[in-house]
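A quick write-up on the structure given underneath.
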Amino acid sequence: EGATVYITGRTLDPVSTAPGSLKVTAEEIEGRGGKAIPVKCDHRVDSEVQALFDRIKRDEGRLDLLVNNAFNGSLTVGKFLGTPFWDAPIDCWDEPIQVGLRSHYVAAVEAAKIMTRQKSGLIVNISSSGALHDYFTVPYGVGKAGVDKMAETAGTQLLKHNVTFISLWPGLVQTEFVLASKDTVEKLEINGVAFDVSKAETVEYSGIVIVALMKDPNVRKKTGKTMTTADIANEYGLTDADGRRHLSMRAVKTWVSSKLPLLGYFIPSFIKIPWFWVVGAAHHYY
């Protein structure tokens, strides 16, 4: 919608060992009439991140949106799923924390330097309900909780500069990795809920939600908040790229349907568990 999009990652050209690349993604964006600039950037290396933001400042003169979504722990998390933390190598901590938490902070610092001067901007941390619930591995949960807390505390400091900082929880997403691991993913059951990849969000759903947030003149009221993609989509009346409407993970229908599909069919989707109940049920403070 008129935006120049800088996309970053370590894989510039397509390779046979992994799906997706920056150039392929840029071609998809350009094919839809957008403007994309692929930049090879290792988010473990601060100097490369700083060079990225220096380039944006030099070439564009402004920055309106930063989406922090870099994550380096998927394979490690999957490999040591169910392994006690003391039996897993320390790398299990380093990978998701270095690129997934620290990298978000470094990028947010660089973005804030530009946005505070122009007195506008939106920063979105892509997080997960693993921040609240016991999902996957210890480092995964610690990283996601840190991402949410970052948005809260940094958002408070940025508010007076008219910059908004939020944390966004997608549900299960149909990424290349999830689609390739469909059979394994659908064998998982977390907190009593099984996964159905066919019902997962498309990779575009979070983008649809973020664009709507960008257009909201009152988005500042959401700064520091952690929100789900489905809740925001329902607030703005949005659907996924394929036309589907996703249930909020707080919807009673979601939880009942996972165990009693027939009963869940009759429960209205707008009946949701209040956030304070969700947080209270998972709260670890005595």
Consider the range 95-115. How many of its residues are of a type in the set (Gly, Ala, Ser) and touching a strand residue (DSSP E or B) at 6+ places or on another chain (Cβ under 6 Å)? 3
Is at least one residue of the range 186-203 under 14 Å from the mean Cα position of the chain (by Cα) and free of Cβ contacts under 8 Å to residues at least 24 places away in the same chain? no
So the helices (runs of 4 or more DSSP H) completely within the range 168-251 holding 1 or more residues that are modelled with pLDDT under 90 and of a type in the set (D, E, K, R) are 176-180, 182-185
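Within the range 112-140, can you find the residues that are part of a helix (DSSP H, G or I) and either of a type outside the set (Val, Ile, Thr) or farther than 22 Å from Val211 by Cα (or both)? Let's see the steps before the verdict.
Our first condition is that a residue be part of a helix (DSSP H, G or I); within the range 112-140, this holds for 112-118, 129-131, 138-140.
Once the filter is applied, which keeps residues that are part of a helix (DSSP H, G or I) and either of a type outside the set (Val, Ile, Thr) or farther than 22 Å from Val211 by Cα (or both), the range 112-140 yields Ala112, Lys113, Met115, Arg117, Gln118, Ser129, Gly130, Ala131, Val138, Pro139, Tyr140.
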Restricting the search to the range 95-121, which residues are open to solvent by 70 Å² or more (accessible area, probe 1.4 Å) and not aromatic (Phe, Trp, Tyr)? Gln98, Arg102, Lys113, Arg117, Lys119
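Given the criterion at positive phi and open to solvent by 20 Å² or more (accessible area, probe 1.4 Å), identify the matching residue among Phe136, Phe177, Phe195. Full working, then the answer.
On the way: Phe177 fails: at positive phi; Phe195 fails: at positive phi.
Selected residue: Phe136, the only one of Phe136, Phe177, Phe195 that is at positive phi and open to solvent by 20 Å² or more (accessible area, probe 1.4 Å).
Give me the residue from the range 122-133 that is under 23 Å from Val163 (Cα atoms) and hydrophobic (A, V, I, L, M, F, W, C) and, out of that set, most open to solvent (accessible area, probe 1.4 Å).
Applying the first criterion (under 23 Å from Val163 (Cα atoms)) to the range 122-133 yields 122-128.
When the remaining residues are screened for being hydrophobic (A, V, I, L, M, F, W, C), the result is 122-124, 126.
Working: Leu122: 6, Ile123: 1, Val124: 0, Ile126: 21 Å².
For the range 122-133, the residue satisfying everything is Ile126.
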Would you mind stating whether Gly143 is in contact with a strand residue (DSSP E or B) (Cβ under 7 Å, 6 or more places away or on another chain) and either without any contact (Cβ under 8 Å) to a residue 40 or more places away in the chain or part of a helix (DSSP H, G or I) (or both)? no
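The values are calculated or read from the model by the stated rules, or taken from the named source; none is laboratory data. Here the structure is a predicted model, which means the values were calculated and not measured. Cβ coordinates were reconstructed from backbone atoms using ideal geometry, including for glycine residues, and neighbour counts include every protein chain displayed. For accessibility, only protein heavy atoms count, side chains too; no ligands or nucleic acids. Shrake-Rupley method; radii C 1.70, N 1.55, O 1.52, S 1.80 Å.
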